[in-house]
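Only the coordinates and a few stated rules stand behind these numbers; no lab work does. The structure presented is a predicted model; accordingly, all values stated were derived computationally and were not measured. Here Cβ is always computed from backbone atoms with ideal geometry, including for glycine, and neighbour counts include all displayed protein chains.
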Amino acid sequence: MPPRRPRVRSTTIVSVRHGGRVALAGDGQVTVGQTVMKRDAKKVRALADGKVLVGFAGAAADALALIDRFEGRLKDARGNVRRAAVDLAKEWRTDRALRRLDALLAVVDAQVSLVVSGGGDVIEPDDGVIGIGSGGAFAAAAAKALVRRAPDLDAPTIAREALLIAAELCVYTNERVTVLEVAPADAGPGAAGGAA
């Protein structure tokens, strides 16, 4: 029997849709086994001039390959995020090489928030809150509470605070948070938000 590889636990991603704004945030920690290997990884990306955001949980190389595929599907779908996500999920589930990729994607734009998996799943949450990765459930719970109890906060602030709360609970999540915001439809390139 081959030796077991140390499990990589490296991500908490949260997305919040609130008050007409959409934000996606990720922590910076990459952990292999019991060792923190990196503290400031960037696990969220802006595509399509900031109009589409994607965050990943799982094996980084696998996720980056999937993001490249998603970006190609997004171009083919002329910016239709839902169609691009469904096309990627179909390909991911049926392609022999892609099936082995171990990752989960959170994809958002101004209209839709989706979780895309290799099992062919494309899931749209009812309330516009997504949490994936090691601390995803903690971050999603915190974001839901903040949306309900602090409605005056904006989506980027809620995403940042939710990740900081998750970092207090999940040993695989740290406080080095990157927050991106979906660019308004009339904004030009580079309009997405920056690091927190």
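Considering only alpha-carbon pairs that sit under 8 angstrom and 6 or more positions apart, the relative contact order computed for the chain is 30 percent. For the options Ala145, Ala89, Ala41, a Gaussian network treatment of the chain with springs between C-alpha atoms closer than 10 Å singles out Ala145 as fluctuating the most. Shown for Ile67, Ile158: other C-beta atoms within 10 Å of each C-beta, ranked fewest to most, produce the order Ile67, Ile158.
Calculated mean residue ellipticity at 222 nm for the chain: -10000 deg cm²/dmol, from DSSP H runs with n ≥ 4 weighted as -39500 (n - 2.57), summed, divided by the residue count and rounded to 500. Under 15 Å of direct C-alpha separation, and excluding same-chain neighbours fewer than eight residues apart, Lys38 reaches these aspartates and glutamates: Asp27, Glu175. Using the Cβ-Cβ distance between Arg39 and Arg100 with R0 set to 25 Å, the FRET efficiency from 1/(1 + (r/R0)^6) comes to roughly 0.30. In the chain the longest region clear of trypsin sites (Lys or Arg not before Pro) that are loop-assigned by DSSP and have at most 14 other C-beta atoms within 10 Å covers 97-196. On the basis of the beta-carbon distance and an R0 of 35 Å, Asn80 and Ala150 show a calculated FRET efficiency of 0.60. Which of the following values of Cα extents along the principal axes in Å was calculated from the structure shown: (i) 55, 43, 22; (ii) 56, 41, 29; (iii) 51, 36, 30? Here the calculated entry is (ii). Go through Lys51/Lys144; Lys75/Lys144; Lys43/Lys90 and tell me which ones have a Cα-Cα distance over 29 Å in this structure. As for pairs spanning more than 29 Å Cα to Cα, those are Lys75/Lys144.
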